[in-house]
1. Out of all the residues in region 311-320, is one or more modelled with pLDDT under 95, away from the ligand (no atom under 16 Å from the Cβ) and surrounded by 14 or more Cβ atoms within 10 Å (Cβ to Cβ)?
2. Among what's in region 98-115 and is within 16 Å of the ligand (Cβ to nearest atom) and buried (at least 22 other Cβ atoms within 10 Å of the Cβ), pick the residue that is nearest to V236 (Cα to Cα).
3. Identify, by number, the condition in (1) over 24 Å from D323 (Cβ atoms); (2) touching a strand residue (DSSP E or B) at 6+ places or on another chain (Cβ under 7 Å); (3) free of Cβ contacts under 8 Å to residues at least 40 places away in the same chain that A63 doesn't meet.
4. Of all residues in region 250-281, which are over 27 Å from L372 (Cα atoms) and either assigned to a loop (DSSP other than H, G, I, E, B) or without any contact (Cβ under 8 Å) to a residue 24 or more places away in the chain (or both)?
5. Going through region 470-507 one residue at a time, which ones are assigned to a helix (DSSP H, G or I), in contact with a Gly (Cβ under 7 Å, 6 or more places away or on another chain) and open to solvent by 10 Å² or more (accessible area, probe 1.4 Å)?
6. So which of R88, R55 ends up being part of a loop (DSSP other than H, G, I, E, B) and open to solvent by 10 Å² or more (accessible area, probe 1.4 Å)?
7. Counting only residues that are open to solvent by 40 Å² or more (accessible area, probe 1.4 Å), give me the strands (runs of 3 or more DSSP E) lying completely in region 164-243 with at least 2 of them.
8. Exactly one of these conditions fails for F478: (1) more than 16 Å from the chain's Cα centre (by Cα); (2) away from the ligand (no atom under 16 Å from the Cβ). Give me its number.
Amino acid sequence: MGGMVKNSEHAEVFMTRAMLVFIGVTIAIGTVAAQQPRQADLVLTNGKIITVDDRFTIAQAVAISRDRIVAVGTNDEIGRLAAPNARRIDLRGRSVVPGLIDNHLHLLRAGNTWMQELRFDGVESRKKAIDMLKARAKAAGPGGWVFNIGGWAHQQFADDPRPFTLEELDQIAPDNPVALQESYYQVFLNSKALTAFGIEPGKPDPSDFIKGSIQRDASGKPTGVIKGDIAATRPVAARMPKLPADQLEASTTALVRDMNRAGLTSVGVPGCNADVLTIFQKWKTEGRSPLRIFCIGGAAAATPEAVDRSVQQIAQMKLFQGDSYIDDVFFGESVYGPLHDPMFAVKSDPKPEQLAQWRRMAMEIAKAGLPLHVHAELTTTIDAFLDQIEAVNKEHPIKNLRWTLAHINQITPPQLERMKALGMYAAVHPWAVINGAIMHEGFGEGAFDMPPLAALQASGIMWGLGTDGTAANQTLPFVTLSFAVTGKMAGGTKVIRQTVSREDALIAHTRRNAFFVFQENNLGSIQPGKLADLLVLDRDYLTTPADQIKDIRPVMTMVGGRVVYDASSSPSTK
Ligand SMILES: [Zn+2]
């Protein structure tokens, strides 16, 4: 059997138990694909199927049996496969793309606040944002919090890109405390929020706030702005009202509905919160998984003593015990805390003793045969990490372990060459989609190459797109695709000069990202044998004007052959 030969070949390459589990999956799919196409219980015809296969084939129709695609072809070919009682969907010329995958989205923790947050993802009008604030304040009632935890920046308001002022927020919501967090950059509070936090004129700052982060005018009066880095914004987020435990499932449902509506069907998730993951596990048991979750986790360390403990845990860590709905796939996204570049830092200075700790961790991760997905942002940090990885690689080769540098907005072509030589991969999360203007303030001209998408594409390295949402960035994949194609941040300002074609952008958000969640045999393209995750779009991704790619929305989102979002039966709230 061909599958057996393949198996022994792979066994020499893939060294770990985790990888052996993975081979099992490969063989199972090979068997399905080798069978004659089954009768289809669902056929989609009369469309423009953008398959995103290796040849970027465009087809007319798709046949699906249970959770998998059985055939892709012409209306006639696919029509013949339909079982007598098959469900038939006439696409009426609409385009269909594979379900979009975000390879790095802090999705699960957002379940703890999503229902209460007033999100500004995709909101490009300040006037609209104000209307939303007023409506939320009214719905929350007097005293109720109106807040969000990142995912936007005021420069995305095309009509009036100004920050919010204390006086303005008091006027918009006189009876409600308001806290609006811009990415991880700053937070705008109104008077009720300042009072609630005990931030007052002539009084010392509350002790949990970072020194100097509470902005005050010359007379000592707080301006309503909390500013610094991630650490400065944290005390605000920590003080937001806690969701009652019995509402966690409803909040997670709202979160998932928004993701499905935006076109996401799979997510690589750094730090899978156990409480929210339990809900996804329950949904899976009930046969109604709306979104596939691939966790990036593990015991990061922040001190040499913690590294001692972490190396023990790394040796015990087991990945790939799950399936194509929920699995653990990477160690990450942090390795050694002191070398974790803070967002908006413009330079880094990794110290030899810190790098020695980083290398101890990396050595153990390589020795355990674990894939690694690690936060790396600035050129200096990336160089230092690559030095360590080259040393690790001499003792424990990392090829085939899919070691991935994540974010890498400031990566350079020579670094991409070093990564390719090591057999490494690039998970790209353009923070500039909402933070482009802030990055131009910090990095000047250099921000135009952050990230260097054209260089990434030209290098030939395997790279995939994600957001790093929900706080650092917005979450809508078509906004990310639009950015990659036009170089324009949310709101329309051109912030990067290195763009890619819309085909390459789509490949990076689908087929290549399937590789970044270890599901390339199951996901990422519309091909026989793969799982039926796809989107029917309201307009054609390939021909719609580039500036309108951000506005594309699915009319239908399917995960494993199940419709998880249908615009015709869902209220459109955005
Ligand atoms: Zn990160």
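1. No, region 311-320 contains no residue that is modelled with pLDDT under 95, away from the ligand (no atom under 16 Å from the Cβ) and surrounded by 14 or more Cβ atoms within 10 Å (Cβ to Cβ).
2. A110
3. (1)
4. T253
5. Once the filter is applied, which keeps residues that are assigned to a helix (DSSP H, G or I), in contact with a Gly (Cβ under 7 Å, 6 or more places away or on another chain) and open to solvent by 10 Å² or more (accessible area, probe 1.4 Å), region 470-507 yields only V479.
6. Only one candidate passes the filter, namely R55.
7. 214-216, 222-227
8. (1)
The values are calculated or read from the model by the stated rules, or taken from the named source; none is laboratory data. The model shown is predicted, which means the values in this text are computed figures rather than measured ones. Backbone-built Cβ (ideal geometry, glycine too); neighbour counts: all protein chains shown. Protein only, heavy atoms only, side chains kept; ligands, DNA and RNA dropped before computing areas. Shrake-Rupley method; radii C 1.70, N 1.55, O 1.52, S 1.80 Å.
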